[in-house]
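The values are calculated or read from the model by the stated rules, or taken from the named source; none is laboratory data. Keep in mind it's a predicted model, so treat the numbers as computed, not measured. Cβ sites come from the backbone with ideal geometry, for glycine too, and all protein chains shown count toward neighbours. Remember, those area values only see protein heavy atoms, side chains included, never the ligands or the DNA or RNA. Shrake-Rupley method; radii C 1.70, N 1.55, O 1.52, S 1.80 Å.
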Amino acid sequence: MVEVADPTREDLPGAKALVAEAEALAERLARVRQSVGRVIFGQETVVERTLITLLSGGHLLLVGVPGLGKTKLVETLGTVLGLDAKRVQFTPDLMPSDILGSEVLEEDQEGRRHFRFIRGPVFCQLLMADEINRASPRTQSALLQAMQEHKVAIAGEVHDLPAPFHVLATQNPIEQEGTYPLPEAQLDRFLLEIDVSYPDLAAERAMLLATTGAVQSRPVQAMTGVELLAAQTLIRRLPVGEGVMEAILRLVRGARPETTELEEVRRHLAYGPGPRAAQALMLATRARAVLDGRLSPSVEDVLALAEPVLRHRMALNFAARADGVHLSEVLDRLKAQLG
């Protein structure tokens, strides 16, 4: 494998321009985080990983109990990033046409009839799928083509979605009555899965003061959709060192029972992550580096993002679940190999 060049070397063609673009993006992202912080309190890790997902051009699954600001985060990001954001509340009676749109039969003034396609809420730049596991599998699958190909097929005609296009879905891990767990194929479409936990004392105190007064802070736009697309292109241009690439491959391949060297993985896992996990880690580590003001990722970035990238792409077998084994234990063992 060829060693990737250092972007800070001034003798490389285009190196100075790449460094300047990365530094400008880091400054712009700092303003984005500051604007989000005016409304979202005590969720720094969640905000960071959400921005990593958007910079990587992927989709995000937010898992947490109600009332932790998941919906508010998506609404705020739509404003701060200048994106056309829409929300769909997933319910058991929701139909695919309620998301994608449908054709209606119309008659003009001369009595001629024709079909007209009415676009659904999926035709936006930032789609919030609220409580996505409450919809039936048929409705959940309506998003598969949109998430993977950024287009939808209705009545034999293909319609392109706006760019950028991101799905930020929420899921309640506690209340499971009347829900439909997401299939593995759809889970794999999410770049990251993030657990949203309760805020700490200081953050909750600040939240109380900011949200129960006469005047409430509002987010301000700090970016545009065009700038986000340019940022996603820049992320893909950043170099990744040989050591980071080897760490990604070792981690992902080590999480598969068929290719691992760890007995725990072979004994406890029913299946492991596919190649899409390695692609997600490659992009996400670059995005995390830029958010941190660095020009290329490190192995520490791989370790920090290993759990949100891999967790929803792995599954324990029945024996492991019966023995009380947790996926986090297996992931900790895998990360320990990388130091």
Exercise. What tally of residues in the stretch 234-262 results from selecting those that are within 16 Å of P297 (Cα to Cα) and not charged (D, E, K, R)?
Worked result: 13
Seminar exercise, completed: Restricting the stretch 2-36 to residues that are at pLDDT 85 or above and among the small types (G, A, S), the one farthest from L81 (Cα to Cα) turns out to be A20
For this session: Please give the number of the condition T212 fails out of (1) under 30 Å from A22 (Cα atoms); (2) open to solvent by 60 Å² or more (accessible area, probe 1.4 Å); (3) polar (S, T, N, Q).
Result: (1)
Exercise. Which of the residues spanning the stretch 259-304 are within 20 Å of S328 (Cβ to Cβ) and of a type in the set (G, A, S)?
Worked result: A270, G272, A277, A280, A284, A304
For this session: Select, from V252, V240, the only residue that is in contact (Cβ under 8 Å) with a residue 24 or more places away in the chain, β-branched (V, I, T), touching a helix residue (DSSP H, G or I) at 6+ places or on another chain (Cβ under 8 Å) and more than 18 Å from E184 (Cα to Cα).
Result: V240
